[in-house]
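Taken together, the values in this text are just the output of simple stated rules run on the coordinates, not laboratory data. Just so you know, these numbers come straight off a predicted model, no measurement behind them. Here Cβ is always computed from backbone atoms with ideal geometry, including for glycine, and neighbour counts include all displayed protein chains.
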């Protein structure tokens, strides 16, 4: 974890709302995530992150990301 408000998606507790600040990785990774609604400025809700894939709510839908991909998404916690 970077600090209390900046972290990677795979470290966020369930129920948290976060805003994407950066997506690390190559062009293909960034494009793949952007096509699924995960890009800089996107607001996500973490549904589950304890075991297995990280499940998030994005743009009215639910998406499961592998932990390795979730570790490339840098986010900041949003105030309640």
Quick calc, residue 59 & residue 27: beta-carbon distance into FRET formula, R0 35 Å, rounding 0.05, result 0.95
By the mean-Cβ-within-10 Å protection proxy, highest first, 35-41, 67-73 rank as 67-73, 35-41
Per the C-alpha gyration tensor (a ≥ b ≥ c, the square roots of its eigenvalues), the chain is rounded if a/c is under 1.5, else prolate if a/b beats b/c, else oblate; here it's rounded
For 51-61, 12-22, ranked highest to lowest by mean beta-carbon neighbours within 10 Å, the order is 12-22, 51-61
